[in-house]
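Working notes, beginning with the structure itself.
Each reported figure results from applying straightforward, stated rules to the coordinates on display, with no laboratory input. Source: prediction; values computed, not measured. In this analysis, Cβ positions are derived from the backbone assuming ideal geometry, glycine residues included, and neighbour counts consider all displayed protein chains.
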Amino acid sequence: MDDERAVLGHLPADFLTWIWFTTEKSGGSLILEEIGGIDCYIDDRIAFRAMEDDKSRAVLTGENAANTLEARAALAGGRVVKEIRLAIKREDREYSVSLRGELLEISGAKLPGMVKGAIEEVLYDRMYLYEELHSIVTALLTRYATERVAEDWKEVKVPEMRAWVSDALASVAGDQIP
């Protein structure tokens, strides 16, 4: 297992960074083959770590945490994303969930309002909402995996992501300079 983590240990951070990049580039609107359209963006938390560390070294919270100079500087400085909190909207349902760590643990899920009524109705509604959230996260991971193994990943997507980091850092830094 440790050998697998050494070889594949960068993929969770790569996936979280890809979500950040993809949601920003698309304006937050994504079409996922398995489930259709969603709106998705980094919510109020993003955590970074050094490549060789397990613990987070920088945790940014608050409104638009991913759009701060600190977040861009952490990424440009070689830090990797360890955790993000996503806000997801599908049709009239809004979710919030954290993805973190090497195993992409799902935590802190907030589900849309539920139906009121008999306990069975509430239970089935809650089960449906958890399943939908799981399906959305799975669809995001599937899309990432599809793009990640595509032939143009290194030649096209990686340079696009590097330019995104550089451009974003420059624009945020320019906004901060009086």
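If you place +1 on the Cβ of every Lys and Arg and -1 on the Cβ of every Asp and Glu, how big does the dipole about the Cα centre of the chain come out, in debye to the nearest 20? Numbers along the way, then the final one.
Numbers: 22 positive and 33 negative charges, 97 e Å.
I would put it at about 460 debye.
Bridge orientation summary for the chain: considering DSSP beta bridges with both residues in this region, about 100 percent are antiparallel. Helix 119-148 axis versus longest C-alpha principal axis of the chain: approximately 30°, rounded to the nearest ten.
How do Met161, Met114 rank when sorted from fewest to most other Cβ atoms within 10 Å of their own Cβ? All intermediate terms of the calculation are to be shown ahead of the outcome.
Values: Met161 18, Met114 14.
Ascending Cβ contact count within 10 Å gives the list Met114, Met161.
Computed per residue of the chain from DSSP H runs no shorter than four, each worth -39500 (n - 2.57), the mean residue ellipticity at 222 nm is -14500 deg cm²/dmol. Among the lysines of the chain, pairs at least eight places apart or on separate chains and with Cα atoms under 26 Å apart come to 13. Among Leu86, Leu32, Leu99, the residue with the largest mean-square fluctuation in a Gaussian network model of the chain, with springs joining Cα atoms closer than 10 Å, is Leu32. Annotation for the stretch 86-135: trypsin sites (Lys or Arg not before Pro) lying in DSSP loop with at most 10 further Cβ atoms inside 10 Å of their Cβ are Lys116.
Stokes-Einstein diffusion for the chain, with the hydrodynamic radius set to the Kirkwood value over Cα pairs and evaluated at 4 °C in a medium of 1.567 mPa s, equals 74 µm²/s. Qualifying GluC sites (Glu not before Pro) in the stretch 34-112, where qualification requires a DSSP coil assignment and no more than 11 other C-beta atoms within 10 Å, comprise Glu34, Glu52, Glu63, Glu91. Contact order, relative form, for the chain: 20 percent (alpha carbon pairs under 8 Å, 6 or more residues apart, mean separation divided by residue count).
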